[in-house]
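Below is one structure, written out as structure tokens; the observations come after it.
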């Protein structure tokens, strides 16, 4: 956002949802008077593509974290995988990751987690509007998901692994759309 501020000489720059540090893709910025419209667009659904790795759980629910558990995944059948993926479509109560920007008594959860403090976040309602496996090269599952605002795709990966009984984490994530705005139509910051 600093690049945009400098390039446009405008101090009022906002966004329609952050990306995890390891994630790539669409980050929608609003500039100047348009920042007043951000609250209306903040609830737009977001679409992602990524890779879930089965059998390994991390403390961040993604590839940047320390491995906290491993479990076999070789006994998972295509039918079991389809059932579990299908069970996440629609509304469910999702617990955000400990390493997240959710505030606890005015402090970000990730700050507490980095200090080694136990972080227990309350599950919140989210909606998975679309969840499709694009390629199953087990233990890696390439997927596409369209989710409600406030959904953590890292948590979705963790929860899928948990329901399969083998654990999982996210190894890649790319946001391809925010509401009607598409990555294919975006302009790079350079």
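Below, the figures for the structure above:
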item: 159, 140, 83 arranged by Cβ crowding within 10 Å, fewest neighbours leading; result: 83, 140, 159
item: With Cα atoms, 0 to 90° folded angle of helix 153-164 axis to the chain main axis; result: 10 degrees
item: Packing-based ranking, highest mean first, of 38-46, 24-32, 3-11 given that Cβ atoms within 10 Å are counted; result: 24-32, 38-46, 3-11
item: Whether region 79-190 is rounded, prolate or oblate, judged on the alpha carbon gyration tensor where a/c under 1.5 counts as rounded; result: oblate
item: Between 0 and 90°, nearest 10: helix 78-87 axis offset from the chain longest Cα axis; result: 40 degrees
item: Helical mean residue ellipticity (222 nm; -39500 (n - 2.57) per DSSP H run of 4+; nearest 500) of the chain; result: -5500 deg cm²/dmol
item: Gap separating the Cα centres of region 15-40 and region 106-170, nearest whole Å; result: 21 Å
item: Anisotropy class of region 27-138 from Cα gyration tensor, a/c 1.5 cut; result: oblate
item: Computed E for residue 33/residue 69 - FRET, C-beta separation, R0 35 angstrom, nearest 0.05; result: 0.10
item: Least to most buried among 162, 155 (fewest other Cβ within 10 Å first); result: 162, 155
item: Average Cα contact separation per residue, region 45-179, under 8 Å, 6 or more apart, as relative contact order %; result: 44 percent
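Here, each number is a calculation from the coordinates, and none is a lab measurement. On a predicted model such as this, the values are computed, not experimentally measured, just so you know. Counting neighbours? That spans all protein chains shown, and the Cβs are built from the backbone with ideal geometry, glycine included.
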